[in-house]
There are 2 protein chains.
Amino acid sequence: MQDKQIVTPFSPADHQHSSCLKSVLSTAEDCCRQRGLRLTPIRRRVLELVWKNHEPVKAYDILETLQAEKKRAAPPTVYRALDFLQAEGFVHKLESMNAYVGCGAPGHHHTTQFLICHTCGVVAELDDIEIGELIGNKADSLGFKATHLTIEIKGLCSSCQAD
Amino acid sequence: MQDKQIVTPFSPADHQHSSCLKSVLSTAEDCCRQRGLRLTPIRRRVLELVWKNHEPVKAYDILETLQAEKKRAAPPTVYRALDFLQAEGFVHKLESMNAYVGCGAPGHHHTTQFLICHTCGVVAELDDIEIGELIGNKADSLGFKATHLTIEIKGLCSSCQAD
DNA sequence: TATGTTACGTTATAATATAACATTAATATG
DNA sequence: CATATTAATGTTATATTATAACGTAACATA
Ligand SMILES: [Zn+2]
Ligand SMILES: [Zn+2]
Ligand SMILES: [Zn+2]
Ligand SMILES: [Zn+2]
């Protein structure tokens, strides 16, 4: 990453995703150990499935996969795991898509802005201080105390612009 | 409005909402006439119901009201009207709440940022050029061509901070 | 009037998410 | 270890949000 503001870059076509996955899982394990939380098999598997690729994943697609793998899964199975993973900062929900993506900076408190290509579906996650501050200041000047920002930017990624 | 960036201000407790409503409806009528579109009774009524107050309104609440009014209505009745009103820029959807609010600058192309009080539910709509530009530039610098922004800011409005 | 288009009625179903309560697994404590 | 306690999961049911599909009516305009 050439820019620290980029938490999850648009993944290059040739990147080895297995290494993303490996580091994401081991970070989550470390975080949970430190926090005295349990990254149970279900939670771990759901985190893997959210990170299946760099695109938003739907809850019911996760559910289907779990059911195909080992039965014993219902909607609450998935939503509970997603709730846990969101609460611990391992995944984010894209509100405008009802879908979930893995966090590129798990375990750190940070702002989030998502860039979402509406052609290929790829997502990048940013943690841009300036955007957060500007919005916070604007809100302040209106007497509004901002506590949570949803920023989701749809458009065309560079490779889809080329096509 | 002391600030042009504010499209829909937080409504003062004492404001006369009937005048909001009246001007919103007549603007929508004018726009539709100019554009050769039909603001049918259903569409008009749904717009009124979205503007019932300055808070987000749920699709199925609109549906209930229509049904209570003896109008034959089913989910498509409401969603079609909402689709039309969104397409023409008379209402916006708050993606993080699956709810709808009236647009404070109907008929004009503009950016939108919403401030949403999670205590009292009141919503303000902004059209802040700086926010839009900053985000557009950040995206540009990453080779991303932004076409649509979802910006929803949750927090405490000034009157709820006082309590 | 005939014709094409837009809007609406109607039924059904898809997609997303949570409530409520029972059961099991993990952890803590004596 | 035994047992109390809590955390996590299983299970069933339901709530909420949204769209598909197809027929009918209203409207335009030629
Ligand atoms: Zn990867
Ligand atoms: Zn793309
Ligand atoms: Zn008002
Ligand atoms: Zn408030």
Structure-based [θ]222 nm, chain B - -39500 (n - 2.57) summed over DSSP H runs of at least 4, per residue, nearest 500:
-13000 deg cm²/dmol
Count of lysine pairs in chain A with Cα separation under 23 Å (8 or more residues apart, or interchain):
18
Going 7 Å from the Cα of B:Glu130 in the Cα-to-Cβ direction, what parts of the stretch B:142-159 have a backbone nitrogen less than 19 Å from that spot?
B:151-154
One decimal, nm, shortest first: give the distances between the label point of B:Glu69 and those of the same position in the other copies, each label point 7 Å from Cα along Cα→Cβ.
4.9
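Per residue, how much accessible area does the protein assembly as shown show when a 1.4 Å probe rolls over the protein heavy atoms, in square angstrom?
With the other protein chains kept in place, the protein assembly as shown gives 53 Å² per residue.
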Defining the label point at 7 Å along Cα→Cβ, can you sort the distances from B:Ser159 to the same site in each other copy, shortest first, in nm?
5.1
Whole-percent carbon and sulfur contribution to the accessible surface of the protein assembly as shown (1.4 Å, no ligands, DNA or RNA) stands at 51
Accessible surface ranking that places the most exposed of A:Arg38, B:Arg44 first, with a 1.4 angstrom probe
A:Arg38, B:Arg44
Can you give me the Kirkwood hydrodynamic radius for the stretch B:17-105, using every pair of distinct Cα atoms, in Å to one decimal?
13.0
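Rounded to the nearest 100 Å², what's the accessible area chains A and B bury against each other, both chains counted, probe 1.4 Å?
Working: alone 10100 and 10070 Å², together 17330 Å².
Using a 1.4 Å probe, the pair buries roughly 2800 Å².
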Please calculate the 1.4 Å probe accessible area of B:Ser159, with all protein chains present, and give it to the nearest 10 Å².
70
Would you kindly work out, in nm and rounded to one decimal, the distances from the label point of A:Asp140 to those of the same position in each other copy, ordered shortest first, with label points 7 Å along Cα-to-Cβ?
2.7
How much of B:Trp51 can a 1.4 Å solvent probe reach, expressed as accessible area in Å² and rounded to 10?
10
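The values are calculated or read from the model by the stated rules, or taken from the named source; none is laboratory data. Computed from a predicted structure; not experimentally measured. Cβ coordinates were reconstructed from backbone atoms using ideal geometry, including for glycine residues, and neighbour counts include every protein chain displayed. These accessible areas exclude ligands, DNA and RNA; they are computed on the full protein's heavy atoms, side chains included. Shrake-Rupley method; radii C 1.70, N 1.55, O 1.52, S 1.80 Å.
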